[in-house]
1. Search the structure for amide H atoms under 5 Å from the amide H of Arg54, placed 1.01 Å from N in the peptide plane, and list their residues when 5 or more places away or on another chain.
2. How much length is gained on full extension from Val44 to Met30, taking 0.36 nm per residue of separation minus their Cα-Cα distance?
3. Using the Kirkwood formula on the Cα atoms of the chain, what hydrodynamic radius do you get, in angstrom to one decimal?
4. Simple spin-label model, 7 Å along Cα-to-Cβ: Trp64 to Glu11 in nm?
5. Suppose each label sits 7 Å from its Cα in the direction of the beta carbon; what would the Tyr57-Thr23 distance come out to in nanometres?
Amino acid sequence: MLRPHDHSFGEPDVPGLRERVLTGKGLADMAAPFAGVAAGDGTVTVAADWLGLRHVYAVQGDGWAAIGTSAR
């Protein structure tokens, strides 16, 4: 079933994407694959597509952390 986002190739705005990642609202409307990260209020939020096509990897050390879409 096609939804409007499946054939609309317009790029979403950065503030809108940030809000989607931080709240989770509207992520299911985005076509897969995607992954995103946003920081707000002292926390970092990571989101990946609902189909699991974009894998997200995380590593944490003493006083640092990193998130990426590649295990390297």
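1. Residues meeting the amide H criterion: Phe34, Asp49.
2. So the chain would gain 3.0 nm between Val44 and Met30.
3. That comes to 13.5 Å for the chain.
4. Going from the Trp64 label point to the Glu11 one covers 2.9 nm.
5. 3.3
None of the figures in this text is laboratory data; all of them are computed from the coordinates on show. Treat the numbers as computed from the prediction; the structure is a model and nothing was measured. Neighbour counts are summed over all protein chains in view; Cβ atoms, including those assigned to glycine, are modelled from backbone coordinates with ideal geometry.
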